[in-house]
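The values are calculated or read from the model by the stated rules, or taken from the named source; none is laboratory data. Just so you know, these numbers come straight off a predicted model, no measurement behind them. Because the Cβ atoms are built from the backbone with ideal geometry, glycine has one as well, and the counts that use them run over all protein chains shown. In case anyone asks, the SASA skips ligands and DNA or RNA and just uses the protein heavy atoms, side chains included. Shrake-Rupley method; radii C 1.70, N 1.55, O 1.52, S 1.80 Å.
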Amino acid sequence: MKRIISLVLVTILGIVLFSGCGTNEIVAKDSKVSRQTKETSNSAAKPEVIRIGSIIGTISTIAKEQGFFEEEFNKDGIKVEYQSFTSGPPITEAFISNKLDIATYGDQPAIVAAANGAGVKAVGSFTGGYDKLALVAQIDSDIKSPKDLKGKKVGITVGTVVQHMLYLYLDSAGLKPEDVSIVNLQPNDLITALAAKNIDAAVTVEPFTTVILAKKAGKQISDSTGLKYMAGPIVASNDFITKYPEIINRLLKAYDKAKKWEEQNKDKASEILAKELNIPKEVVLAGIISKDTDNVKITEDVSKAFEQTYQFLRSSNFIKKDYDIKSFYDVQFLKAAGLQ
Amino acid sequence: MAEAKSIYGNQLRSKQIKILTKLSHYPAALIVPIVILIFWEIMSRNGYVKALILPAPSGILDAYIELIKSGRLFDNLLISIFRVAQGYVVGAVLGVAVGILIGLFKRVEIAFSIVLGFLRPIPIIAWMPVLILWMGIDEGSKVAVIAIGSFWPILINVVSGIRSVDDKYLEVAYIFEKNKIQILLKIVLPSALPSIFTGLRVGIGIAWMCVVGAELIASASGIGYLIMSSREMLQPDIMFAGVFSIGLIGLLIDSSLRIIEKRLLKWNSNANS
């Protein structure tokens, strides 16, 4: 009996110690332990470093290359760190494990994150429009519209904006998810699978649509006109927002500067993204740069899009509890920065 | 007569004692998991463990119930089990066949040594991009991954089993002038059977691990897909329910194999441990 008790006690001790080791993964209730900064009482507190996340091939890369963030923050001795991703869900995971302060990604994963208590909020919009989502098919396919998807193999990246888009395409053609064979692939694998003709079609979002077209891995069938305004929020962690609201204002200003610069210097901007995506810059110019928005406002289109996405997520039971979508975004920082 | 009766009586009593001893292990064995679960639940309820990172046991249980009710769990498990069965049969047949050849004939072993030595260290995960390229994203590549994964441990154990046939048996066979086929079927294979079974048990465990890996990349069904898609949809409770199911099924498979092994190898005292 003694042996059993001591074994149990040792096990408990081991678990407690072990859970202390991976402190990155288990976070205390009020985030009392902040790994961002040592100063917490000063109201004009500044972080030592700002960690910025983004999807490849977007305004964030341009802002980084042109040094807009460094320009804004280095004078205060604040460093900037970048992480790039190919899809949204890993960005949410980075927020949850407190490795990111602000990021730009699709609205679906961001709303799922906020609704599930990941502690994030949209403070601006980094892109939007009806021309950012696309249905693509094999290069020599005879698919002409979503109707022709029946019985076909369609690739999507589950958990990202393209998932909702597929459902909308199917709906518009009177089809149901069971009428197609859905394959879950990461964006880069979608490109390969389409090129290798392992899938008949795919739903993609920029910059991947342009990469597919540039590499002749497939052809575009349609975009999201009339179906869905693609909203791409600038998302920050509630922690960071609470601690450094003026930094959020300044970050938005930096993003906006990058947008204005991109508008004025389309050629150079195309070069930057062409290098990152490894495709010709003319394709980037036509497919991405000239279609980009030129501001970071949360317009009515954007907030309506958030609403539409939330309705989809709630009705498909991907979000299990009711959530007030209006609490997902906050325009006060844009207003304070004079951008809205 | 009375002696025979008392010996039988002794045997029966020792068997009863054995069973009772084994049963008495259960309460002690269960204490640790139960304590862990209670501790975990308390930590989760008090917010020391973030639900998005590690859901509470109660949350995972809820997810389980929902998955079972909607049929999602069983549907996906069955699909994965079916894939494992297919790949495992291929891997096992090849493993036993090649293993017997290598075990019996030194020349075969030498001929294949470099190729096998080169291929064996390649981890299954590294095979996946290659197989997907060759066989597409359908069942073919998944079954192939499982076959490759289960092949190696079976091969190694079969070879080892055949090599370790006791020389004494072979000498006896030689004295009795048995021909090669009789030696193979009546001495070598039965002698190697415990090792072969070990290989088969390890092989099915690896096959089960492979199916999850195979389904993580390009899939629309199976337990690996359930885990991957629930991760992408930020549903860690479903994800963990899926992960635990993998463990449970793995345990079931292994226990079943052990029972089969015991039945078939009754004569081998080692197999009863």
Report the relative contact order of chain B, percent, no decimals, based on alpha-carbon pairs under 8 angstrom and at least 6 residues apart.
22 percent
Please work out, to two decimal places, the log10 of the ratio I(q)/I(0) at q = 0.07, 0.09 Å⁻¹ from a Debye calculation in which every Cα of the protein assembly as shown carries one identical scatterer.
-0.58, -0.87
Per DSSP H run of at least 4 residues, take -39500 (n - 2.57); add these up for chain A, divide by its residues and hand me the 222 nm value, nearest 500 deg cm²/dmol.
-12500 deg cm²/dmol
Have a look at region A:128-164 and report residues whose accessible surface goes down by 50 Å² or more when the remaining protein chains are included, against the chain on its own, probe 1.4 Å, ligands and DNA/RNA excluded.
A:158
Of A:228/A:268; A:79/B:50; A:260/A:335; A:197/B:142; A:152/A:216; A:253/A:281, which pairs sit farther than 23 Å apart, going by alpha carbon to alpha carbon?
A:228/A:268; A:79/B:50; A:253/A:281
With the other protein chains left in place, how much accessible area per residue, in square angstrom, belongs to chain B at a 1.4 angstrom probe?
59 Å²
Across A:239, A:142, A:294, the residue with the highest GNM fluctuation in chain A (Cα network, 10 Å cutoff) is A:142
For chain A, averaging the sequence separation of alpha carbon pairs under 8 Å that lie six or more residues apart and dividing by its residue count, the contact order in percent is 23 percent
How many Cβ atoms of partner chains, on average, are near each residue of B:47-56 if near means within 10 Å of its Cβ?
5
Compute the helix-to-body angle for B:72-104: its Cα long axis versus the longest principal axis of chain B, expressed 0 to 90° and rounded to tens.
30 degrees
To the nearest 10 degrees, the tilt of helix B:236-264 (Cα long axis) against the first principal axis of the alpha carbons of chain B is 20 degrees
Taking chain B as the reference, fit the longest principal axis to its C-alpha atoms, fit the long axis of helix B:189-217 to the helix C-alpha atoms, and give the angle between the two in degrees, 0 to 90, nearest 10.
20 degrees
Taking residue A:147 as the anchor, which aspartates and glutamates have their alpha carbon closer than 12 Å to its alpha carbon, excluding any fewer than eight residues away along the same chain?
A:171, A:179
With springs only between Cα atoms under 10 Å, which of A:67, A:155, A:232 fluctuates most in a Gaussian network model of chain A?
A:67
In region B:228-252, which residues give up 40 Å² or more of accessible area once the other protein chains are added, compared with their chain alone (1.4 Å probe)?
B:231, B:232, B:233, B:234, B:235
For the protein assembly as shown, give me the percentage of DSSP beta bridges that are antiparallel, rounded to the nearest 5 percent.
55 percent
For chain B, with a Gaussian network of springs between Cα atoms less than 10 Å apart, report the residue from B:223, B:110, B:246 with the top mean-square fluctuation.
B:110
Quick check: the distance between the Cα centres of region B:111-157 and region A:172-190, to the nearest angstrom?
29 Å
Keeping all protein chains in place, calculate the accessible area per residue for chain A (probe 1.4 angstrom), answer in Å².
43 Å²
Which residues, if any, in region B:12-35 have at least 20 Å² less accessible area in the whole protein complex than in the isolated chain, probe 1.4 Å?
B:28, B:31, B:32, B:35
Local net charge near residue B:68, Cβ-Cβ under 12 Å (Lys/Arg +1, Asp/Glu -1):
-1
Applying the span-like rule to chain A (DSSP H, Cα extent along axis at least 27 Å, Kyte-Doolittle mean at least 1.0) gives A:2-21
If you bin every alpha carbon distance in chain A into 20 Å steps from zero, what whole percent lands in each bin?
29, 53, 15, 2
In whole percent, how big is the carbon plus sulfur part of the accessible area of the protein assembly as shown, probe 1.4 Å, protein atoms only?
62 percent
Can you give the log10 of the normalised intensity I(q)/I(0) at q = 0.17, 0.24 Å⁻¹, computed with Debye over equal Cα scatterers of region B:1-48?
-0.65, -0.83
Ellipticity estimate at 222 nm from DSSP helix runs (n ≥ 4, -39,500 (n - 2.57)) divided over chain B, nearest 500
-28000 deg cm²/dmol
For region A:184-340, rounded, prolate or oblate, judged on the Cα gyration tensor with a ≥ b ≥ c (square roots of eigenvalues), a/c < 1.5 rounded, else prolate if a/b > b/c?
oblate
Residues with beta-carbon under 9 Å from that of residue A:133, excluding residue A:133: net charge, scoring Lys, Arg +1 and Asp, Glu -1?
-1
Among B:41-49, A:253-261, B:132-140, A:195-203, what's the highest-first ranking by average C-beta atoms within 10 angstrom per residue?
A:195-203, A:253-261, B:132-140, B:41-49
Taking the Cα atoms of chain B, what is the range of coordinates along each of the three principal axes, in descending order and whole Å?
73, 64, 30
Show me you know the interface measure: the accessible area buried between B and A, both chains summed, probe 1.4 Å, in Å² to the nearest 100.
2900 Å²
Other residues with Cβ under 13 Å from the Cβ of residue B:148 give, with Lys and Arg +1 and Asp and Glu -1, a net charge of +2
